[in-house]
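Note sheet for the following structure.
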Amino acid sequence: MEQVVVTPASLDEAVAALSARPEAVPVAGGTDLMAAVNSGHLRPAGLVGLGRINELRGWQYQDGHALLGAGLTHARMGRPDFAALIPALAAAARTAGPPQIRNAGTLGGNIVTAAPTGDSLPVLAALEATVVLAGPDGASREVPVSHLLTGLDPLRTGELVAFVRVPLLHAPQTFLKATGRSGPARAIASVAVVLDPARRAVRCAVGAVAPVPLRPLEAENWVASCIDWDGKRRIAPEACEAFGDYVAVACVPAPEPEESAPPAGVVQLRRTVSVLARRALGRALA
Amino acid sequence: MTGPDAATATPPAGTRVPQADPRPHGLGASVPPLDALAKAQGTFPYAADLWAEGLLWAAVLRSPHPHARILRIDTAPAVALPGVHSVVTAEDVPGEALQGRRVHDRPVFASELVRHHGEPIAAVAADHPDTARLAAAAIVVEYEVLEPVTDPEQAFNAPPLHPDGNLIRHIPLCFGDPDIIGDVIVEGLYRVGRQDPAPIGAEAGLAVPRPDGGVELYVASTDPHTDRDLAAACFGLEQERVRVVVTGVPGAMGDREDAGMQIPLGLLALRTGHPVKLVATREESFLGHVHRHPTLLRYRHHADTEGRLVKVEAQILLDAGAYADTSAEALAAAVAFACGPYVVSHAFVEGWAVRTNNPPSGHVRGEGAMQVCAAYEGQMDKLAAKLGMDPVELRMRNVMATGDLMPTSQSVTCPAPVGELLQAVREAPLPPLPVDDTEAAWLLPGGPDGAGDPAAVRRGVGYGVGMVHMLGIEGADEVSTATVRISNGSATVICAAVETGQGFSTLARQIVQEVLGVDEVHVAPVDTDQPPAGASARGRHTWVSGGAVERAAKMVRTQLLQPLAARFGMSVELLSIADGKITSYDGVLSTTVAEALEGKELWATAQCRPHPTEPLDEFGQGDAFVGLAFAAMRAVVDVDIEMGTIRVVEVTVAQDVGRVLNPRRLAARIEAGVTQGVGMALMEDLRTSHGLVQKPGFTGYALPTALDAPDVVIAKLVEERDVVASFGAKAAGAVPVVVAPAAVASAVRSATGRPINRLPIRPQNAIVAQPAPPPPHG
Ligand SMILES: Cc1cc2nc3c(=O)[nH]c(=O)nc-3n(C[C@H](O)[C@H](O)[C@H](O)COP(=O)(O)OP(=O)(O)OC[C@H]3O[C@@H](n4cnc5c(N)ncnc54)[C@H](O)[C@@H]3O)c2cc1C
């Protein structure tokens, strides 16, 4: 079986290479892709390596937004300068696997893999980020990250994730993740909380409990009304606690038909999400 | 993990910890393993790295069902694929159709009935690994899916899953007076999950056909002669025509390697006439090898008001999975150690090992002993709480000592310094609370950058003591043979004891250095042309093979010194060897080993066979064990009581080791054992759902990482020589695994006040209910 590997140096070249060989697969850090190849689940006919494309490895600023290159690694996003810009994404990046994986794994790869446990995903959902897709012949379109993840507007043949547009909110954000051990592990549940003081809004997303991150919109609206936005952005501890429960019930549904008592697994997951959400909001408002 | 140095970095005052020894050789020195560097640098070759000219690749087709009748197997689609050389099924096994470690009850390939998820059905050899896998997948198997028996409690009444029946063993141990009743009674129900040995290197092997019609198997076997005998019987060949060559062993926590892979591999090599290689995927590895027995334990402890144990009643149910393997032995250990290292005058322990359609269980170090330790120590905590007594004090009142009787009526003749061990861990200083030590970054449960909240973290301190047997039990013939050769001032050891990482090859070098005074000692690679040395498990090679090496080395020493002694008219005992020099007691004679050899080669072969044991009788009575080892531990844990996340901060160990033969290796063995125990306590559980193994991979099956491994502090190593054991030493690898889970569970109990009767501990069992918050306003 002949395998072709190309390593273009620019985004345009990469898109062109992909158009030329539609059966080829893009590879960034390879931390998801190569695992699938090595276990025999995937046999790509060709690879388009994205590692040499410098324009994808950094970020730019544009109208109050940051335009993040899809090739940003988790390690890069975890650094303090990035954390000052988008704290929750940095926090997620710092927990996305062991150091070797974070050195290689990228934001774009995390989005395209779209695993339920993808750590950047709830943060991007809470930030209402959009994804800039580069297609053949210079075509480019922008899609809300949630549309991409839910398959409402999926990646098309020949398209690459080029950038991720994230608003710069200049306010605290948090990302918390529950795992089964102290060392690096996949999320059992995760919660991202983002404050948007200009809109007096709180945005929250829960990861790992469903195929895609879930937004508890009612809980967000309710809790935004409990915050003293003009003062020190304080919240009563009971409200914080109630927010946790609200988020948990919204995002971890009891199986149908609604029984009198939800099963133990649901109770435990709700408890976990509730504590995460409470702590995430508490830390954002601290 | 904090590495072997961690324990020695800051020894708490007054404790004895292994110290770096400047002496580079001999017993008692921290001689490093010769292969350590190659292993650390990744250049050490394992079976997965082997290659032979013209080799084919094998793949095994495994059952996707835990219980099914096979109606039809059609291999034609696989055979038709280009590149496929051979496809074998049960029909192609020329010899014995059944194999198995203790009991031959396991088909090489399932042909009529599938009894567990992952059971081998066919194997393929092809010229590319992908072709082999595709071909295996192309084999058509028609199943009639049957309802699996997955609850061991249901196995008793379920229709037999096997011609041998569902009850693999039953031991009703009766010791003392059944009618006696204590003033205080506590009861408990405990569950222990399915720990996987999870070796870092999955199973792999290379089979090479021999010109004489035989075959050589290059595999990471830890029991090469047993594996050879099984394979030869299935191939229908004389044992001499099958040779198992042991490659580097990438991790072994028990009986390593899966005969269900080795035998198909050899068959394919015999049929195709080509070398055949197989490297199991991680998923196959989880499906193929044996696991620790999931266990259900019911206990009732009776004590007097002073906290002295009066009677222990217990029921122990081991889930053996589909095949017997070593379950009978695991059950004997569980029943015999059911009361722990305590003096109990009346014990009634009923144990069963039953067959189910769950993945097969077998020997993982600490088998049987670990599960009961978690339970009897849980009972001791419960009893202490009921009596309002300090849990350590309660244990101290009951500890066993040399001369006491076990509930099997076997008298404990070896050192049993249980009280001294417990005292040592109790007195060791506690680690500071992070709030008192602002310098130290507090690694909260949940890990760095995790969700842990200091306000919700409670610290707990708990204790555990436990015991385990060494060597095979109940009449197993524990024997090993070793050969030592000396020539030109360097020595060679030939012994079929496999180096699994337990340190045997280093120990063998140390022994020969000590006895023959030569520095350069080679340990030959192992194969089955050498005389058997038995399995690398149950701490036997330190004792049995180490003993054989010592005897052989001493025989060589006598051969070397006798001519000199005769010439100088003195007895051999008056000559000593050190640093390659032979000197007499009075200094008159001084020569080198090389000179004394006069160009000759000296050889000697010796055996070591410890005193025999006997099977437990129908009431669980008998001298079933050759040796016993004990340890005490104190675990310190931090629990996030809202999330139920747990981090083990420190484990302090005091262990009964007989004699320290290599301080650095010993510390490493203890740290490794504690870490495996922490894995059992907090996360390791290979889950099944209706008999199907869930998430067989390292994402789904969590192992402790460096951040989960606690600081291991060795508070005391009691060096009371075991006079019947070689060197007076006790094997050190298993007892930490036995005790650590119990100590961690005890610490979580103390942090949360929750019962903790299930291992691994699930977050929901470590959560402390908070007072309900007032309802939200707004
Ligand atoms: C041991 C281990 C632990 C891990 N732990 C975590 C964890 O805790 N949390 C977590 O979120 N993830 C984890 N991961 C998963 C993985 O590291 C991340 O999902 C990572 O972000 C993937 O990025 P990558 O660059 O390696 O993607 P790749 O493997 O290169 O690609 C993944 C997929 O995305 C496609 N792709 C990549 N870049 C682009 C692009 N620009 N445009 C279009 N398609 C693209 C590829 O074709 C492929 O289908 C872990 C992985 C491993 C091996």
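The values are calculated or read from the model by the stated rules, or taken from the named source; none is laboratory data. Bear in mind that the values here come from a model prediction, so they are computed numbers and not experimental data. Quick reminder, even Gly has a Cβ in these numbers, built from the backbone with ideal geometry, and neighbours come from all protein chains shown.
Between A:A96, A:A66, A:A14, which is surrounded by 15 or more Cβ atoms within 10 Å (Cβ to Cβ) and in a helix (DSSP H, G or I)?
Details: A:A96 fails: in a helix (DSSP H, G or I); A:A66 fails: in a helix (DSSP H, G or I).
After applying the criteria, what remains is A:A14.
Looking only at the stretch A:102-111, decide whether some residue is in a loop (DSSP other than H, G, I, E, B), over 11 Å from the mean Cα position of the chain (by Cα) and within 8 Å of the ligand (Cβ to nearest atom). Yes, that holds for at least one residue.
Among the residues of the stretch B:469-506, the one identified as within 24 Å of B:F625 (Cα to Cα) and part of a helix (DSSP H, G or I) is B:F504.
Only a single criterion out of (1) more than 14 Å from chain B (Cβ to nearest Cβ); (2) within 8 Å of the ligand (Cβ to nearest atom); (3) on the phi > 0 side of the Ramachandran plot is not satisfied by A:G151, namely (2). Screening the stretch B:361-463 for helices (runs of 4 or more DSSP H) wholly inside it with 1 or more residues that are within 25 Å of B:T326 (Cβ to Cβ) returns the ranges B:369-387. Contact annotation: residue pairs with Cβ atoms under 6 Å, 6 or more positions apart or on different chains, pairing a residue in the stretch A:21-38 that is touching a residue at least 40 places away in the same chain (Cβ under 8 Å) and part of a loop (DSSP other than H, G, I, E, B) with a partner that is more than 9 Å from the ligand (Cβ to nearest atom) and of a type outside the set (K, R), are A:P22/A:T157. Among residues of the stretch B:556-572 that are outside any helix (DSSP H, G or I), those with a beta-carbon under 7 Å from a residue that is at pLDDT below 90 at least six positions away or on a different chain give the pairs B:M570/B:S584; B:S571/B:A565.
Quick one: would you say A:L68 is more than 10 Å from the ligand (Cβ to nearest atom), modelled with pLDDT of 95 or more, under 17 Å from A:Q173 (Cα atoms) and in contact with a helix residue (DSSP H, G or I) (Cβ under 8 Å, 6 or more places away or on another chain)? Answer is no for this residue. If you filter the stretch A:30-65 down to residues that are more than 19 Å from A:T7 (Cβ to Cβ) and more than 14 Å from chain B (Cβ to nearest Cβ), you find that the one that is nearest to the ligand (Cβ to nearest atom) is A:W59.
Just so you know, in the stretch A:112-141 the residues that are assigned to a strand (DSSP E or B) and touching a residue at least 40 places away in the same chain (Cβ under 8 Å) include one that is farthest from the ligand (Cβ to nearest atom), and it is A:V132. Scan the stretch A:86-97 and give yes if some residue there is within 14 Å of the ligand (Cβ to nearest atom) and either free of Cβ contacts under 8 Å to residues at least 12 places away in the same chain or more than 14 Å from chain B (Cβ to nearest Cβ) (or both), otherwise no. No, there is no match, as no residue in the stretch A:86-97 is within 14 Å of the ligand (Cβ to nearest atom) and either free of Cβ contacts under 8 Å to residues at least 12 places away in the same chain or more than 14 Å from chain B (Cβ to nearest Cβ) (or both).
Of all residues in the stretch B:590-643, those satisfying the criterion of being in contact with a Ser or Thr (Cβ under 8 Å, 6 or more places away or on another chain) and within 14 Å of chain A (Cβ to nearest Cβ) are B:V639, B:I641, B:M643. Among the residues of the stretch B:274-325, those identified as part of a helix (DSSP H, G or I) and not charged (D, E, K, R) are B:S285, B:F286, B:L287, B:G288.
Is it the case that some residue within the stretch B:689-697 is of a type in the set (S, T, Y) and either buried (at least 24 other Cβ atoms within 10 Å of the Cβ) or away from chain A (no Cβ under 14 Å) (or both)?
no
Taking the stretch A:20-29 only, how many residues are more than 6 Å from the ligand (Cβ to nearest atom) and surrounded by 15 or more Cβ atoms within 10 Å (Cβ to Cβ)? Give the steps one after another, and end with the answer.
Initially, the stretch A:20-29 is screened for residues more than 6 Å from the ligand (Cβ to nearest atom), giving A:20-24.
Subsequent filtering for residues that are surrounded by 15 or more Cβ atoms within 10 Å (Cβ to Cβ) retains A:21, A:24.
So the answer is 2.
Name the residues in the stretch A:71-85 that are more than 9 Å from the ligand (Cβ to nearest atom) and not in a helix (DSSP H, G or I), would you?
Taking the stretch A:71-85 first, the residues more than 9 Å from the ligand (Cβ to nearest atom) are A:72, A:75-85.
If the condition is that a residue be more than 9 Å from the ligand (Cβ to nearest atom) and not in a helix (DSSP H, G or I), then A:L72, A:G78, A:R79 are the ones that fit.
Take A:V143 and decide whether it is more than 13 Å from the chain's Cα centre (by Cα), of a type in the set (V, I, T) and away from every other protein chain (no Cβ under 14 Å). Explain how you work it out, then say what you get.
Numbers: more than 13 Å from the chain's Cα centre (by Cα): yes; of a type in the set (V, I, T): yes; away from every other protein chain (no Cβ under 14 Å): yes.
Yes.
Where strands (runs of 3 or more DSSP E) fall entirely within the stretch A:172-286, those with at least 3 residues that are within 9 Å of chain B (Cβ to nearest Cβ) and at pLDDT 95 or above are at A:173-178. For A:L195, the conditions (1) in contact (Cβ under 8 Å) with a residue 24 or more places away in the chain; (2) touching a Pro at 6+ places or on another chain (Cβ under 9 Å); (3) within 13 Å of the ligand (Cβ to nearest atom) are fulfilled apart from (3).
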